[in-house]
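Following: one structure in structure tokens, then a few remarks.
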Amino acid sequence: NHPNSTFGAPFCNVLASFLQRPGWLYCHVSGAIVSLPLGPFPLWEPFRKEHPVLHKKMGYLYTTAVFIGGIGSIGLIVTSKTGGFAGFGFITLLLCWWSTLIIGIRAATSKDYFNHHLWMLRNYSYTFSAVPFRFLPAIYNAFGTDPEVGYPLGAWTAIIGTIIWSE
């Protein structure tokens, strides 16, 4: 058994540490559960044009979900056992996530809808970075990478990939 594992098999102790902080985890996950499936609809042009009022309401809900998810991520980052390298990556991701949202909102309130759309596309790419991140550490570990290295490596691969993709 891995000394930090409560599940028996050797793996990164991050899951176990998250389960010890359920409030932050539930906050983060609840934001993700709303923002991930909701995000594509307001970005889809036919939907925006046919349902402008719903687009705006969904935007408010999405924004709220991103901020709730981000608050949960702050609690998880600050109390995480992932180490500084992964923690710095998650802080970087959070700053990108929230700043693109704020810039996108400011563009909308200035009626600059073209840039609003571009910034919200960037923002959703940061939201979606959670998806590849869930798989990348396991892929690295399947190829023999130490779990304590695979987790931060997976995090940074997802973050850098998202930054490149969003631009």
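The values are calculated or read from the model by the stated rules, or taken from the named source; none is laboratory data. All values reported here derive from a predicted model rather than from experimental measurement. When we count neighbours, we look across all protein chains shown, and the Cβ atoms used for this are built from the backbone with ideal geometry, even at glycine. Protein only, heavy atoms only, side chains kept; ligands, DNA and RNA dropped before computing areas. Shrake-Rupley method; radii C 1.70, N 1.55, O 1.52, S 1.80 Å.
Numbers below:
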quantity	calculated
Residue list for the range 44-70, restricted to those being out of contact with any helix residue (DSSP H, G or I) (no Cβ under 6 Å at 6 or more places or on another chain) and within 30 Å of Y151 (Cβ to Cβ)	T63, T64, F67
Lone unmet requirement of (1) at pLDDT 95 or above; (2) open to solvent by 40 Å² or more (accessible area, probe 1.4 Å); (3) hydroxyl-bearing (S, T, Y) for T79	(1)
Selection within the range 105-116 - assigned to a helix (DSSP H, G or I), open to solvent by 50 Å² or more (accessible area, probe 1.4 Å) and not hydroxyl-bearing (S, T, Y)	I105, R106, F114, N115
Residue identified as open to solvent by 50 Å² or more (accessible area, probe 1.4 Å), under 12 Å from the mean Cα position of the chain (by Cα) and closer than 27 Å to G23 by Cβ among I102, I91	I91
Unmet requirement for G72, which otherwise passes all of (1) under 18 Å from the mean Cα position of the chain (by Cα); (2) free of Cβ contacts under 8 Å to residues at least 12 places away in the same chain	(2)
From S129, S80, S99, S125, residue being among the polar types (S, T, N, Q), out of contact with any Asp or Glu (no Cβ under 8 Å at 6 or more places or on another chain) and free of Cβ contacts under 8 Å to residues at least 24 places away in the same chain	S99
